[in-house]
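K.L.:
Here's a structure for you.
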Amino acid sequence: MKAFIAASNQNQEKLREVLDIIISALEESGYETEIYIRRQKEQLTPDQIMTEAFNLIKQSELLLVEMSTKEVGVGIEMGFAKSLGIPIIGVRKRGVESSTTMEGTLTLPVAEYETTLELSRLIKQLLIDLSAL
């Protein structure tokens, strides 16, 4: 099983630990992960970047979104996954402003975390809840 992880490209340094925990939780749950924002993209045009991201999403059985930052590209990835019928789950830091549009694409309600310590548990619970659908 493959999971595509979508997150803001603007806050990579702040999200480094969060993304590492997301990857670990998914891999511990049997998913192979892909996170596009960590790939080298300097030589690609914006069209090539989106084409590559869409191809990776098409190969995935799950889209997990870190939603602490609103970003158009992440919203586009969510809409694309939704159009393909790929389940979408989301997490965000507690207290961050929500996005009605982004949340409208989720398969399950967004899970909020206070600390990174609880993030792995939340993701594993989301996966259990998803499998029960």
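Computed from the coordinates by the stated procedures, all read-outs in this text should not be read as laboratory data. Quick caveat: nothing in here was measured; it's all calculated off a predicted structure. Quick reminder, even Gly has a Cβ in these numbers, built from the backbone with ideal geometry, and neighbours come from all protein chains shown.
K.L.:
Can you tell me how much longer the chain between Ile128 and Glu27 gets when fully stretched, taken as 0.36 nm per residue apart minus their C-alpha distance, in nm with one decimal? Each step should come with its number before you reach the end.
P.N.:
Numbers: separation 101, 0.36 × 101 = 36.36 nm, distance 1.42 nm.
Taking Ile128 through Glu27 to full extension adds about 34.9 nm, to one decimal.
K.L.:
Could you order peptides 24-30, 127-133 by the average number of other Cβ atoms within 10 Å of their residues, highest first? Each step should come with its number before you reach the end.
P.N.:
Values: 24-30: 15.7, 127-133: 11.9.
Ranking, from highest mean packing down: 24-30, 127-133.
K.L.:
Further question on the same structure: Rank these for me by crowding, Met78, Met102, going from fewest to most other beta carbons within 10 Å. Before the final figure, lay out each step's value.
P.N.:
Working: Met78 25, Met102 21.
Taking fewest neighbouring Cβ atoms as first place, the list is Met102, Met78.
K.L.:
Going by C-beta contacts inside 10 Å, put Leu64, Leu44, Leu106 in order with the fewest on the left. Working shown, then result.
P.N.:
Values: Leu64 26, Leu44 13, Leu106 19.
Fewest to most other Cβ atoms nearby, the residues stand as Leu44, Leu106, Leu64.
K.L.:
What is the extension gain from Thr116 to Glu17, computed as 0.36 nm multiplied by their sequence separation minus the C-alpha to C-alpha distance, in nm to one decimal? Provide the component values of the computation, followed by the final result.
P.N.:
Working: separation 99, 0.36 × 99 = 35.64 nm, distance 0.77 nm.
Working it through step by step, the gained length comes to 34.9 nm.
K.L.:
Using the Cα centre as the reference, give the magnitude of the dipole from point charges on the C-beta atoms of the chain (Lys, Arg: +1; Asp, Glu: -1; all else neutral), rounded to the nearest 20 debye.
P.N.:
Values: 14 positive and 20 negative charges, 23 e Å.
Taking the Cα centre of the chain as origin, the dipole is about 100 debye.
K.L.:
Tell me which trypsin sites (Lys or Arg not before Pro) from the range 35-133 have a DSSP coil assignment and no more than 12 other beta carbons within 10 Å of their own.
P.N.:
Details: sites: Arg38, Arg39, Lys41, Lys58, Lys70, Lys82, Arg92, Lys93, Arg94, Arg121, Lys124; in loops: Arg39, Lys41, Lys70, Arg94.
Passing sites in the range 35-133 are Arg39, Arg94.
K.L.:
To continue, here is another question. Using 10 Å bins from zero, what percent of all Cα-Cα pairs in the range 2-131 falls into each bin?
P.N.:
The distribution over the range 2-131 is 13, 49, 34, 5, given as percents.
K.L.:
Of the GluC sites (Glu not before Pro) in the range 40-95, which ones lie in a loop per DSSP and count no more than 10 other C-beta atoms within 10 Å? All intermediate terms of the calculation are to be shown ahead of the outcome.
P.N.:
Numbers: sites: Glu42, Glu52, Glu61, Glu66, Glu71, Glu77; in loops: Glu42, Glu61, Glu71.
Counting only loop positions with at most 10 other Cβ atoms within 10 Å, the GluC sites (Glu not before Pro) in the range 40-95 are Glu42.
K.L.:
For the chain, what is the relative contact order in percent, using Cα pairs closer than 8 Å and at least 6 residues apart in sequence?
P.N.:
Details: 184 pairs, mean separation 37.3, N = 133.
Once normalised by length, the contact order is 28 percent.
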